[in-house]
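Below is one structure, written out as structure tokens, with a few remarks after it.
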Amino acid sequence: MSSRTLNLDDPLYDYVLAHSLREHPAQTALRAATRAHPRAGMQISPEQGQFMALLVRLIGARQTLEVGVFTGYSALSVALALPPDGRVLACDISDEFTRIGRPYWQDAGVAGKIDLKLGAAEATLRAELEAGQAGRFDFAFIDADKSAYDAYYELCLLLVRPGGLIAIDNVLWGGSVAHAAPPDDHDTRALQALNTKLHSDARIDLSLLPIGDGLTLARRR
Ligand code: CA
């Protein structure tokens, strides 16, 4: 028994997947298509995708945001969990990466739920605010350039409703956040600053989960 989170060795991780993972065939195929990509490590783990899908169902989300799509596994996971009239407003700057995922969104029958906006996410989110969409979203997933996380967080906090949920990926950053970072390590320093800020942020309820590379859940009060 353990009173803290277990470290997962390979047999235990395989056990978790074998006894929990329920992927749509398009999800399995998209993971396989991403595996050979030089930046495949940017893809969320399948158990994280399934967990986020469960969260989306738990809160009855219809309108969701994603900042950082990569090849589209997380958007696919969320879209599959949304009702037929649900939407993922998916922000990314890369046509090259997102192009890999789009056929799998089609195969899963959810392409119509995913509204891909290619361009700077901050501009896309600001445009949503200017269009009167503050408080209209139920869920947001932030998984993009770490130095801009704080800006994404503040914009998402305006865009999600009270009771809505913001999930922030890579908050443990391979464990590096627990150690002093050199001044030029902007990603680690940005994550450390955000983790510290959120700990005492009275606008949210908070949980930092040791799933994947660290996933913070922030529920807007
Ligand atoms: Ca990530």
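The values are calculated or read from the model by the stated rules, or taken from the named source; none is laboratory data. Quick caveat: nothing in here was measured; it's all calculated off a predicted structure. Reconstructed Cβ throughout: ideal geometry from the backbone, glycine too, with neighbour counts over all protein chains shown. The area values use the complete protein model at the heavy-atom level, side chains included, leaving out ligands, DNA and RNA. Shrake-Rupley method; radii C 1.70, N 1.55, O 1.52, S 1.80 Å.
The figures follow:
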quantity: Count of segment 196-216 residues which are within 15 Å of the ligand (Cβ to nearest atom), touching a residue at least 24 places away in the same chain (Cβ under 8 Å), open to solvent by 20 Å² or more (accessible area, probe 1.4 Å) and on the phi < 0 side of the Ramachandran plot; calculated: 4
quantity: Scan of segment 180-221 for residues that are part of a loop (DSSP other than H, G, I, E, B) and of a type outside the set (Asp, Glu), ordered by number; calculated: Ala180, Ala181, Pro182, Pro183, Ser200, Ala202, Arg203, Pro210, Ile211, Gly212, Gly214, Arg221
quantity: Where Val177 falls short, out of the listed (1) away from the ligand (no atom under 16 Å from the Cβ); (2) open to solvent by less than 50 Å² (accessible area, probe 1.4 Å); (3) part of a helix (DSSP H, G or I); (4) touching a helix residue (DSSP H, G or I) at 6+ places or on another chain (Cβ under 7 Å); calculated: (1)
quantity: Complete set of residues in segment 78-119 that are of a type outside the set (S, T, N, Q), part of a loop (DSSP other than H, G, I, E, B) and exposed (fewer than 15 other Cβ atoms within 10 Å of the Cβ); calculated: Pro83, Pro84, Asp85, Gly109, Gly119
quantity: Within segment 61-81, tally of residues that are more than 15 Å from Leu116 (Cβ to Cβ) and in contact with a strand residue (DSSP E or B) (Cβ under 7 Å, 6 or more places away or on another chain); calculated: 3
quantity: Options Gly41, Gly49; residue that is part of a helix (DSSP H, G or I), under 30 Å from Ala151 (Cα atoms) and in contact with a Phe, Trp or Tyr (Cβ under 9 Å, 6 or more places away or on another chain); calculated: Gly49
quantity: From the options Tyr15, Tyr104, residue that is touching a Ser or Thr at 6+ places or on another chain (Cβ under 9 Å) and either under 18 Å from Ala140 (Cβ atoms) or away from the ligand (no atom under 15 Å from the Cβ) (or both); calculated: Tyr104
quantity: Close pairs (7 angstrom Cβ cut-off, 6 or more residues apart or separate chains): within 13 Å of Tyr73 (Cβ to Cβ) and free of Cβ contacts under 8 Å to residues at least 60 places away in the same chain in segment 98-116, open to solvent by less than 40 Å² (accessible area, probe 1.4 Å) and among the acidic types (Asp, Glu) anywhere; calculated: Thr98/Asp92
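Listed here are the residues, each with its yes/no results for (1) away from the ligand (no atom under 15 Å from the Cβ); (2) crowded, with 19+ Cβ neighbours inside 10 Å; (3) of a type outside the set (Val, Ile, Thr).
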{"site": "Thr34", "(1), (2), (3)": "no, yes, no"}
{"site": "Arg39", "(1), (2), (3)": "no, no, yes"}
{"site": "Ile44", "(1), (2), (3)": "no, yes, no"}
{"site": "Met52", "(1), (2), (3)": "no, yes, yes"}
{"site": "Gly60", "(1), (2), (3)": "yes, no, yes"}
{"site": "Thr64", "(1), (2), (3)": "yes, yes, no"}
{"site": "Phe70", "(1), (2), (3)": "no, yes, yes"}
{"site": "Ser74", "(1), (2), (3)": "no, yes, yes"}
